[in-house]
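The structure appears below as structure tokens.
The values are calculated or read from the model by the stated rules, or taken from the named source; none is laboratory data. Since the model is a prediction, treat every value here as computed from it, not as a measurement. Cβ sites come from the backbone with ideal geometry, for glycine too, and all protein chains shown count toward neighbours. When the accessible area is computed, the model is the full protein with side chains, heavy atoms only, and any ligands, DNA or RNA have been set aside. Shrake-Rupley method; radii C 1.70, N 1.55, O 1.52, S 1.80 Å.
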Amino acid sequence: MTDPGAKDAVEWLVSVAPDPDACRREWERSPVGVALLPAGRRWDVLILPGELGYPTLDVLTRLVDRPGPVLADFGESRMGFFVPSGTAERWLGTGVRGAGRGTWIVVPYPGRPSGGMRWLIPPDGSGTLSDPTLLELAMHEAAANMANAGRAHDAQEPPRDPWPPAPS
């Protein structure tokens with residue numbers, strides 16, 4: 001079943017394809033419901049590890065009404081945030097990979113289940129992208145929250161004896 005609101009999203013996504021009709025056919029024929037699209041034309045993708053990506057998305061959705069599209073891979077070990085074209089080549093963040101000009105992204109058809117990739121926030125067709133500055137701020141806040149939670153957890157554990165027991 002296809003989401004009726006997916007038509008605009010599909011048109012926006014295929015607008016970057018070298019052959020939009022071939023892209024649509026690939027989505028129809030692919031047993032996993034994905035197609036390859038080039039990054040760097042209308043958008044880049046910043047790829048975060050899932051353990052940072054999910055808290056970052058939580059913070060980002062508190063900062064803005066609707067962030068840009070966000071993908072999660074199978075196993076949700078990575079998340080891709082769609083940002084303006086050119087962002088990937090300027091990004092300096094450690095542990096964050098960028099997909100920009102010259103790279104291709106596996107993209108599921110909006111509004112349909114796929115095998116391997118899924119939209120956490122599907123494109124709406126308007127061209128809305130995540131602001132890289134807000135995304136970076138959200139990442140910093142998420143990382144700080146994770147570090148604080150880790151320190152709180154460590155404080156609850158009893159101290160460990162740093163010395164092994166003496167042989168008997």
Assuming GLU51 fulfils every condition listed in (1) open to solvent by 40 Å² or more (accessible area, probe 1.4 Å); (2) over 20 Å from TRP91 (Cβ atoms); (3) not β-branched (Val, Ile, Thr) apart from one, which condition is it?
-> (2)
Residue list for the range 91-110, restricted to those being within 19 Å of LEU137 (Cα to Cα) and touching a Pro at 6+ places or on another chain (Cβ under 8 Å) = TRP91, GLY95
Of all residues in the range 75-92, how many are open to solvent by 10 Å² or more (accessible area, probe 1.4 Å) and either of a type in the set (A, V, I, L, M) or part of a loop (DSSP other than H, G, I, E, B) (or both)?
-> 6
Which listed residue is in a helix (DSSP H, G or I) and in contact (Cβ under 8 Å) with a residue 40 or more places away in the chain, from THR56, THR128 = THR56
Condition test on VAL45, is it closer than 15 Å to PRO132 by Cβ, buried (at least 19 other Cβ atoms within 10 Å of the Cβ) and in contact (Cβ under 8 Å) with a residue 24 or more places away in the chain?
-> yes
Consider GLY95 carefully, then state whether it is of a type in the set (Gly, Ala, Ser), modelled with pLDDT of 95 or more and loosely packed, with under 14 Cβ neighbours inside 10 Å.
-> no
